[in-house]
Structure formats: C-alpha cells, structure tokens
Amino acid sequence: MRQCKGWSLVLLMMLGLGSLAQKLPTRDEGLFQMQIRDKSMFHDSSVIPDGAEISGYLFRDTPKRYYFVVEEDNTPLSVTVTPCDAPLEWKLTLQELPEDSSGEGSGQPEPLDQQKQQVTVDEGTDLFTYKGNDVESYMATSTPSGLYQLELLSTEKDSNFKVYTTTTPESDQPYPELPYDPRVDVTALGRTTVTLAWKPTPTGFLMGQPVQYCVVINKEHNFKSMCAAEAKISADDAFMLAPKPIRDFSPFDFVHFGFVPSDNGFGKDRGLSSNRISRAYLAKPKVSDIQKVCIGNKNIYTVSNLKPDTQYYFDVFAVNSATNTSTAYVGTFARTKEEARQKTMELKDGKVSDVFIKRKGTKFLRFAPVSSHQKVTLSVHSCLDSVQVQVRRDGKLLLSQNVEGVRQFQLRGKPKAKYQIRLRGSRKGASTLKVLATTRPSSKQPFPSLPEDTRIKAFDKLRTCSSVTVAWLGTQDRNKYCIYRKEVADNYGEEQRRREQNQCAGPETRRKSEKVLCKYFHSPNLQKAVTTETITGLEPGKTYLLDVYVVGHMGHSVRYQSKLVKTRKYC
C-alpha cells in the first residue's frame, strides 16, 4: 500500500511547494471542521477538500486541474461536477507514480526537480470523462489509494462551476435526495397565475436535515442546477468574482498557507497571460427576465403576476440549508391563458359613437367601409383625460398617439380595407370618448373646431359686486358659443372642478337658470379671434363657476376649461 505521507509530498511538489508544513485536506474530522468553517481557504486552491463543495471559475479554453488524495486502498469515492454558465469537459485520472517517489528508502527527500520529473513521467489512468452541462458524478465503491487529478475545461466561454468530492459517500449525502417521482406538476393555470406542486424530498422528513425549496421562473428554458439559474440572475451575487488583474489567480493560493510567492517568474510558470485576465472584465451581460423565490418547506406554490398568453418555464430545487447544496427536480413549462377577448364595437360610416373605458382599460373598435374609398377621416373627442389611440389598416400600424380634447386624423384609404382602432384609457381614471369615422369627403366635421388655448380669462379690474367680465379665444369657423354660470361654495376646489370637467357633457345637461346667453362668433384673422362678455346679475362676495360651450354643426359641443370667479364683497 502506498503511504499517505508519500502522496502528500508528491501533491505538494506538484503545487510547487518545497515544504511539508501544510497538511493536505483529508477527512481527518478535526481538520475537516476547520476547513468547512473557512471555505475561502480552498476557494482558489487546487487541493479539493474531502466532504465540502467548492466553487471555481474557468477561463475559456484554459484547463484547470484539481488534486485530492485517497489514503487507503478499497476506499469508496464520489466526485460530482456541476456546470453553471456553460457546458464543461472534465476528466478524472489516477496518477501513476513510482513506489519510491516519497524518498523514504534513503531517509532523505529526493531533489525537487527529480520529484516533478517523476510526477510527469506518466499522465495517469483515465477513470472517467464527461462533456455537457448536466450535473454528472463519478462513483466507485472501491478505489486504490493514490493521487487523483480532476481536469476541467470550458470551450464556450468563461464559466463558473462547483465540485464535490468525498470518500464517505454513504454517510455524507450532501445533496438532498429526490422523491421517487421527481417531476414538478402544474395543478392550476390562469391568465396571470400558475400553481405548482411536487413531492417532498425524503431528506427533510426522513433524515432530519434542514431543507427548503426554491422556485425559479423564466421565459427561456429549464435549468439543470441551482447555480445555472443563479448565474443567469446575477453572476456577481451567486458566484465568486472574476480575478482582479493584479492578483495571482493561481491554482493554489499560497497566501492562505503562509507562503509568499517569489518574483522569479512564478506567475509565468502558472501560464497566466494578460488576455486571460482581461476576459474577466468584459461588460456584465444583461440580466434576463428571471426570478427566484425560496418558500421554505412548502411543496405547493402559486406563481402570480405573470403575463397572459405567455410561456414560462418552472424549476424547483431542494436546498440543504446547512450546506447550501441543492438538487434539481424535473422542471416543467406552461403557457398562461389568453386574456378574455373583448367585444369589438362596430363603427358606422358618418355616425358618432360614445365609448366608455375603465381606468387603464382598453376598448377595440372596427370600421369596415362598404364602398371603395380614398381616405378615412377619424375624429376623436376625449372628454376627460388623454387616451392613447392606435389605428391599424388590415394589421398595418397607421398611427399611435395620445389624444386630449378634439383631434382629427386623415387616413389613406385602400379598397376593401378594414380598420382596427384600439383605445387605451388613462391611469388617473375612467375615460369617455366620442368617435366618428367616415369616408365621405364632403362630410362636415362633427365636432366644433377649437383654439389651442381653451382657457377663460377673467378681468380682475372689471370685477364688481354684481358682475364679472370674461374673454375667450375663437377660431376662423363660425360657431355658436353658450355661457353658463353656477354659484358654488367658497371652498370649491380644483379636484372637485376636475371631477366635473367632462367636455362631452353639453349644455343640455345644465339647468335653464344657469344659462347666461348664446352667441355666434368667428374671425378670419386668428390674431383677432377673441370675444368678451360681461355677466351681470350676480350676488356680492359670491363664488361662481363659469363654463363656455362651443356647439358644432351636428349639435355636438365641447366645453372650454371652467373658470372660478368671485364678485367683490364691497363696492
């Protein structure tokens, strides 16, 4: 049987150490407890501790080697490699060395150069090779003592990975065990929710180990390991940081063990080069639409806030809370249900239609002219807040704009074309609209034309105890204007006025006693299109709400912005 001391010496020689001061991490229980308390001790080390999972980082096309010692013959062995970011190629070999490599026969250790030469005489016996992105394990119930080498390579990109090696696989059981049926089932499906269920892991209730479940949701694909999902979420949070350019990211961190690297080409022997280091500093990739939630020991979970008619992939991982190791269930996928299709309102040529939209709601209109046409005139009157108007002709987008007040659009026609109009309401509240579509070129505009400024101006110096004088702008079109007044309380506020500011509510909704007068007005010169009116018969010290309505040719009216005025109390 080979001696443990000889293998330890060989391992140290391979790592470039000329001293036996550092004991290798074997499954000595006292030393093992020290190792798992300080996992950073093996973070960059090429020595794999027995019975603890380590994380590593690979540069693309740059192999990395790890070593561990099996001290006695007929020892069981388990090696598990978990790829994270990309598929890996890995190979496990048993190093074949001469029996007298330890130098014990002479009582003196052999020279360092001779030890290295003996190590590299034989590349060793290949025990296992694998290429892919699955979590793969090598397991043997009986292995010979010796020095084992694990070589890993990523050919696609820089990548993270995890390795777990143990010589006591039966008692360790580091990864939660899957139930006899490891599938994740979809038990309920809605437009924005999906309910998942899975059988619990025996590791929790049979073995008494602390186990929780984490659910990962994304739109791209299922994940084969937790670290693959975490790599997608945030490489910085989930894994070790890429090495800094100044740091010697060698396979074995000498500083942890009290050794100071020499300056005589030490880094050069490692094969480090500037292009490998620079790859670690590429821009961080954009995080995809993925989320992870850990739910404790429940094995039923409802995912909410999903998008309708969208395919999602769901993965469940059983996580050992004490060791942070995890096992993936067989993931599933599902497509959420479509939104309930809304009834489409049909528009008739030349007829105004009233449309009501709930807060943040959507309404669909359809206009299908019965005759050939060269253009379509679309008139939209948004009575309250602005709405988004989107028009498509036979599926092709023609316009998409926000509309406030009255707007008119000229759309190019096409024989037998059909027009789809989508109206999206405001976030502030419900919306009311009047919509008209026509192909008749001589058809008059149903809504009256408005100036850009629809405010009512009050002249403070002309204010008396019984009258106020106001002015407003007009247009070049001859329209009918009607003025109404209403006495309101002194504390009548802006919010209350806004609730009553429905531009589509015409004079017919007002009391006859509130009417002041109606008159026609227009001006060919827009610079002079302004009119004034003095409202009399008011009470001293009272507050009044004034409204001006402009009435169009078809009887549809639009209200200007309301104005609060107050008469003088003393005259």
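The values are calculated or read from the model by the stated rules, or taken from the named source; none is laboratory data. All of these numbers come straight from a predicted model, not from anything done at the bench. No Cβ is skipped: glycine too gets one built from the backbone with ideal geometry, and neighbour counts run over all protein chains shown. Only protein heavy atoms, including side chains, enter the accessible area calculation; ligands, DNA and RNA are left aside. Shrake-Rupley method; radii C 1.70, N 1.55, O 1.52, S 1.80 Å.
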### Task
Can you tell me which residue among 106, 145, 101, 137 is modelled with pLDDT under 50 and closer than 25 Å to residue 167 by Cβ?
101
### Query
Considering the range 443-470 alone, what residues qualify as being surrounded by 14 or more Cβ atoms within 10 Å (Cβ to Cβ) and farther than 19 Å from residue 506 by Cα?
443, 458, 463, 464, 465, 466, 467, 468, 469, 470
## Note on the structure
(1) assigned to a strand (DSSP E or B); (2) surrounded by fewer than 17 Cβ atoms within 10 Å (Cβ to Cβ) all hold for residue 440 apart from (1)
### Task
Give the number of residues within the range 311-332 that are surrounded by fewer than 16 Cβ atoms within 10 Å (Cβ to Cβ) and either part of a strand (DSSP E or B) or touching a helix residue (DSSP H, G or I) at 6+ places or on another chain (Cβ under 6 Å) (or both).
2
### Query
Just wondering, is there one or more residues in the range 377-387 that are open to solvent by 70 Å² or more (accessible area, probe 1.4 Å) and not aromatic (Phe, Trp, Tyr)?
no
### Query
Can you name the number of the only condition in (1) modelled with pLDDT under 90; (2) farther than 16 Å from residue 58 by Cβ that residue 129 fails?
(1)
### Meets criteria (exposed (fewer than 13 other Cβ atoms within 10 Å of the Cβ), part of a strand (DSSP E or B) and not charged (D, E, K, R)) for residue 410
yes
### Task
For residues that are crowded, with 17+ Cβ neighbours inside 10 Å and more than 23 Å from residue 341 (Cβ to Cβ), tally how many sit in the range 366-376.
3
### Enumeration of residues in the range 345-363 that are in contact (Cβ under 8 Å) with a residue 40 or more places away in the chain and either in a loop (DSSP other than H, G, I, E, B) or among the acidic types (Asp, Glu) (or both)
349, 350, 351, 352, 354, 358, 359, 360, 361
### Positions within the range 531-564 being modelled with pLDDT under 90, polar (S, T, N, Q) and either farther than 18 Å from residue 511 by Cα or surrounded by fewer than 17 Cβ atoms within 10 Å (Cβ to Cβ) (or both), in sequence order
561
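Taking the range 421-435 on its own, how many of its residues are open to solvent by less than 50 Å² (accessible area, probe 1.4 Å) and either at pLDDT below 90 or in a loop (DSSP other than H, G, I, E, B) (or both)? Reasoning before the result, please.
Of the residues in the range 421-435, the ones open to solvent by less than 50 Å² (accessible area, probe 1.4 Å) are 421, 423, 425-426, 429-435.
Restricting the remaining residues to those that are either at pLDDT below 90 or in a loop (DSSP other than H, G, I, E, B) (or both) gives 425-426, 429-434.
Number of matching residues: 8.
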### Task
Tell me which of these residue 204 doesn't satisfy, since it passes every other one: (1) more than 24 Å from residue 173 (Cβ to Cβ); (2) modelled with pLDDT under 90.
(1)
### Query
Which of (1) open to solvent by 30 Å² or more (accessible area, probe 1.4 Å); (2) more than 30 Å from residue 343 (Cβ to Cβ); (3) not aliphatic (A, V, I, L, M) is the odd one out, the single condition residue 474 does not satisfy?
(1)
### Message
Looking only at the range 334-365, filter to residues that are charged (D, E, K, R) and open to solvent by less than 80 Å² (accessible area, probe 1.4 Å); which one of those is farthest from the chain's Cα centre (by Cα)?
### Response
349
### The one condition in (1) surrounded by 13 or more Cβ atoms within 10 Å (Cβ to Cβ); (2) free of Cβ contacts under 8 Å to residues at least 60 places away in the same chain; (3) not aromatic (Phe, Trp, Tyr) that residue 528 fails to fulfil
(1)
### Message
Can you say whether residue 475 is over 30 Å from residue 354 (Cα atoms), at pLDDT 90 or above and among the β-branched types (Val, Ile, Thr), as far as the supplied structure shows?
### Response
no
### Query
Under 7 Å by Cβ, and 6 or more places apart or on different chains, what pairs join a residue from the range 504-523 that is part of a strand (DSSP E or B) with one that is open to solvent by 40 Å² or more (accessible area, probe 1.4 Å)?
516/485; 518/480; 520/478; 520/480
### Message
residue 392 - would you say it is assigned to a strand (DSSP E or B), at pLDDT 90 or above and open to solvent by 80 Å² or more (accessible area, probe 1.4 Å)?
### Response
yes
### Query
Looking at the range 401-440, which of its residues are of a type in the set (Lys, Arg) and touching a Cys at 6+ places or on another chain (Cβ under 9 Å)?
434
